[in-house]
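Undergrad: Take a look at the following structure, please.
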Amino acid sequence: MSEDFAGLRELLLVAEKRSFTAAAAALRVTPSAVSQAIGALEERLRIRLVQRTTRSVSLTEAGARFVAELRPAMASLQGAFAVLEDARGRPSGTLRLNVPRLAVGPVLKPMLGRFLTAHPEVRIDVTLDDGLSDIVAEGCDAGIRLGERLERDMVAVPITGGFRMAVVGAPAYFDVHPKPRHPRELSAHDCINYRHVTGRDIARWEFEVEGRELTVAVDGRVVTNDNEVMVLAALDGLGLSYVMEHTVTEHLAAKRLVRVLTRYCPSFPGLYLYYPNRKNLAPKLRALVDFLRVR
C-alpha cells in the first residue's frame, strides 16, 4: 500500500514550484531523489506526468489533470492521519508551520518558548516563506498569512490586530528632498520597491484619499523581496520605503526614520493562522489554535 502513495508528495511540490531543486529543498532531500520518486511514480502509472527540459519543468496534460484531483485527496488523507493523532489524546508529534518573515516578531518570538513549554511532546518545524505556497502540498499543518491573502477554502483564526502601512525615509534623505505632501508627489522621489515572491510583480503603494483607494506605481534604484532590506535601505538614505508600521516603530521613536503621508496610509487585517478545513483537528494543531486564541 505504501508504494501506491510513493512520489505523490514530490509530484505536488514539483507541480507548485516548477522546480525539482525547490521541491527538494522543501522536502530536505536531493533533487535527484525527487526526480527518482516521480520517475518511479510515472513508471508505475505508465504515463508521463512531468515534462522536463534543461530550462524548465512543467506538467503534461495528464499530469495537470492528475494533480488537480490529487490535491484535495491528499488533504483528506492528512485529515485521516490527524484522526489517529487525536485518538492518542494529547498534543504530540511535529507541527509544521509555513510563516512569513513579518510574523517572526509579533507572533513567533513571543509564542515559541511558551507554547513548547506548555506542550513538551510537540516539536515545531517552521519554514519562513513570503510567497503564497500551498501548505497542503508542502505537508504543513498550518500557515500564517495576512488576512487579505488568505485562500477561501481555509479555516482562518485571527492572531493579531490590524496593521497599518507607513511611508518612511531617513533624515539625510529629506535633507536633499522635500517631504511629499500627497501620494501623487511620490513620482518625484526615489522609492524602494517590493517584488512579490510568488508572482514576481512589483507591488504598488496603496493609499486612501478622501475615502477612495489610490494605488501608485513608484520608481527607484532599489528593488527587493524582503521587508527588512526595505527598512535597511531607507535607513541608509537610499529612498522612501512603504512598510508596515510595526516594523519601524523603534526607528521612528529614535528619529532614525521620519514618517510622511501618514493621513493617507491605510489599515488592513492583521495576521491569521490558517489550515485546511478538517472535521477532526490533530491535538497538536488544536493546542496551537487554542494557545493563539487566548494570546
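The values are calculated or read from the model by the stated rules, or taken from the named source; none is laboratory data. Predicted model, so just to flag it, every value in this text is computed and none were measured. Cβ placement follows ideal geometry from the backbone for every residue including glycine, while neighbour counts extend to all protein chains displayed. These area figures cover heavy atoms from the full protein model, side chains too; ligands, DNA and RNA do not enter into them. Shrake-Rupley method; radii C 1.70, N 1.55, O 1.52, S 1.80 Å.
Undergrad: As a test of reading the structure, rank L214, L186, L238 by solvent-accessible area (1.4 Å probe, protein chains only), most first.
TA: The most accessible residue leads, giving L238, L214, L186.
Undergrad: Hey, another quick one. Suppose we keep just the alpha-carbon trace of segment 163-267; what are its Rg and Dmax in angstrom?
TA: Values for segment 163-267 (Cα only, Rg and Dmax): 12.6, 36 Å.
Undergrad: Between K179 and S19, what is the FRET efficiency for a Förster distance of 35 Å, r being their Cβ-Cβ separation, to the nearest 0.05?
TA: 0.20
Undergrad: Continuing with this model, one more query. When all protein chains stay in place, what accessible area (Å², nearest 10, 1.4 Å probe) is found for T127?
TA: So the heavy atoms of T127 present about 60 Å² to solvent.
Undergrad: Ok, one more. What aspartates and glutamates does K284 reach when the alpha-carbon gap must be under 19 Å and sequence neighbours fewer than 8 apart in one chain are set aside?
TA: Within reach: E85, D86, E121, D125, E138, D141.
Undergrad: Calculate the dipole size of segment 53-211 relative to its Cα centre from +1 charges on Lys and Arg beta carbons and -1 charges on Asp and Glu beta carbons; express the result in debye to the nearest 20.
TA: The calculation lands at about 280 debye.
Undergrad: Right, something else. For segment 2-66, what is the convex hull (Cα atoms) projected area averaged across all directions, in square nanometres?
TA: The Cα convex hull of segment 2-66, projected and averaged over all directions, gives 4.1 nm².
Undergrad: What is the percent carbon and sulfur in the accessible area of the chain, measuring with a 1.4 Å probe over the protein chains and ignoring ligands?
TA: The computed percentage sits at 50.
Undergrad: Using the alpha-carbon atoms, what tilt in degrees (0 to 90, nearest 10) does helix 61-87 show relative to the longest principal axis of the chain?
TA: Around 80 degrees separate the two axes.
Undergrad: Hey, with R₀ at 35 Å, roughly what FRET efficiency would A64 and N280 work out to, going by the Cβ-Cβ distance, to 0.05?
TA: With R0 = 35 Å, the Cβ-Cβ based efficiency is 0.70.
Undergrad: Let me spell out the model: positive unit charges on the Cβ of Lys and Arg, negative unit charges on the Cβ of Asp and Glu, origin at the Cα centre of segment 2-66. What dipole size does that give, in debye rounded to 20?
TA: 240 debye
Undergrad: Does anyone have the angle between helix 31-45 and the longest principal axis of the chain? Alpha-carbon axes, 0 to 90°, nearest 10?
TA: In the chain, helix 31-45 runs at an angle near 50 degrees to the longest axis.
Undergrad: Could you work out how much longer the chain between R55 and V155 gets when fully extended? Use 0.36 nm per residue separation minus the Cα distance between them, nm to one decimal.
TA: Length gained, R55 through V155: 32.3 nm.
Undergrad: Can you give the relative contact order of the chain as a percent, counting alpha carbon pairs under 8 Å and 6+ residues apart?
TA: Relative contact order of the chain: 23 percent.
Undergrad: Right, here's the next one. Pick out, from L132, L150, F163, the residue whose Cα sits farthest towards the positive end of the charge dipole of segment 108-171, with +1 on the Cβ of Lys and Arg and -1 on the Cβ of Asp and Glu.
TA: After comparing all options, I get F163.
Undergrad: Taking amide H positions as placed in the peptide plane 1.01 Å from N, state which residues far from D219 in sequence (5 or more) or on other chains have amide H under 5 Å from it.
TA: C191
Undergrad: Now for a separate question. Could you give the alpha-carbon Rg of segment 7-158 over 2.2 N^0.38 Å, rounded to two decimals?
TA: In units of the 2.2 N^0.38 Å rule of thumb, it is 1.16.
Undergrad: Quickly rank 164-172, 107-115 as a protection proxy: mean count of other C-beta atoms within 10 Å, highest first.
TA: 164-172, 107-115
Undergrad: As I understand it, the value is the acute angle between the Cα axis of helix 109-118 and the longest principal axis of the Cα atoms of the chain; what does it come to in degrees, rounded to 10?
TA: The answer is roughly 40 degrees.
Undergrad: I've got another one for you. Roughly how large, in nm² to one decimal, is the mean projection of the convex hull of the alpha-carbon atoms in the chain?
TA: 18.6 nm²
Undergrad: Hey, got the Cα dimensions of segment 212-266 along the principal axes, in Å, largest first?
TA: Principal extents (largest minus smallest coordinate, Cα): 32, 25, 16 Å.
Undergrad: Could you work out which residue, out of R259, R18, R221, moves most in a Gaussian network model of the chain, that is, has the largest mean-square fluctuation with Cα springs under 10 Å?
TA: Looking only at R259, R18, R221, the largest GNM fluctuation is found for R221.
Undergrad: Using the alpha-carbon centroid of each, what span in Å lies between segment 32-64 and segment 260-292?
TA: Using only Cα atoms, the two centres lie 35 Å from each other.
Undergrad: Treating only the Cβ atoms of Lys and Arg (+1) and Asp and Glu (-1) as charged, compute the dipole magnitude of the chain about its Cα centre; round to the nearest 20 debye.
TA: 320 debye
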